[in-house]
Amino acid sequence: MGYLIGCISPSYLIGRKKGYDVRTSGSCNAGASNTVIMAGKAAGIFVALFDILKATAACKLGAVLLPELEYAWQITGVSCVVGHMFPVFLGFRGGKGFACLGGVVLAHSAKVFLLMLAIAVLIGFVSNYIAVSTVSMSVIWPVYYGTTTGNWAGAAILAIPFVPDFIKHTENFRRISRGEELRLSYLWKKDTELERIGRDD
């Protein structure tokens, strides 16, 4: 159930409506950041919110429908993140799970979500790369959960997305090393960033 919810891809649907395939355009990532690049900030914000809430919904449904399963919300939440990354309907070519991971955090606690969001924004601004923030949070969040709750089995489940997340960001890190990755400052310095990496779109 969590996996199938994760497979719902608003970034892909918006791209098809606008005449492009998000998997082969821009950064070739079916997520909010590429939607910002291809369709604008408003569309990107919509995609981010949708992906956050679908993961939260998956966690809540897991807890309600499987109350006898101790780690139901963690399992359905992580399954949603994996579904977002590897959606069966899109040839297993999905997004990188950052917003969905936030949705899992939100299902746990709104206060913790705001804390994790603040940390993610700080890492993003300091590094100036979304990829660095995304991969960092896939480690920070389960460690925080385990430390504050003492539930390290649940934390281990929540840490599952780290490996596929890191693998999916491998090319981003290669582009960073070559100076070809769009920085976070693209959001307010679009022309400067496109010129820096040699693109004019």
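The values are calculated or read from the model by the stated rules, or taken from the named source; none is laboratory data. Because the structure is a prediction, the values reported are computed rather than measured. Virtual Cβ from ideal backbone geometry, glycine too; neighbours counted across all protein chains shown. Ligands, DNA and RNA are excluded from the accessible area calculation, which covers all protein heavy atoms including side chains. Shrake-Rupley method; radii C 1.70, N 1.55, O 1.52, S 1.80 Å.
Against the list (1) open to solvent by less than 50 Å² (accessible area, probe 1.4 Å); (2) farther than 20 Å from S133 by Cβ; (3) at pLDDT 95 or above; (4) not small (G, A, S), the condition V81 fails is (2). Taking the condition more than 12 Å from the chain's Cα centre (by Cα), open to solvent by less than 70 Å² (accessible area, probe 1.4 Å) and modelled with pLDDT of 85 or more, does A110 pass? So A110 passes the test. For the range 15-38, the count of residues that are in contact (Cβ under 8 Å) with a residue 24 or more places away in the chain, open to solvent by 10 Å² or more (accessible area, probe 1.4 Å), under 17 Å from G97 (Cα atoms) and charged (D, E, K, R) is nonzero. When the range 156-186 is filtered for residues that are of a type in the set (A, V, I, L, M), surrounded by 15 or more Cβ atoms within 10 Å (Cβ to Cβ) and within 20 Å of M85 (Cα to Cα), the ones remaining, listed by number, are I157, L158, A159, I160.
Looking across the range 30-54 at every residue that is among the polar types (S, T, N, Q) and closer than 15 Å to L13 by Cβ, the one that is modelled with the lowest pLDDT is identified as N34. Could we say that F86 is of a type outside the set (S, T, N, Q), farther than 21 Å from A156 by Cα and either in contact (Cβ under 8 Å) with a residue 24 or more places away in the chain or exposed (fewer than 15 other Cβ atoms within 10 Å of the Cβ) (or both) here? So F86 does not fit the description; no. Does P142 satisfy being modelled with pLDDT of 85 or more, over 20 Å from L117 (Cα atoms) and either open to solvent by less than 50 Å² (accessible area, probe 1.4 Å) or not hydroxyl-bearing (S, T, Y) (or both)? No, not satisfied. With respect to (1) open to solvent by less than 70 Å² (accessible area, probe 1.4 Å); (2) without any contact (Cβ under 8 Å) to a residue 24 or more places away in the chain, the lone exception for A42 is condition (1).
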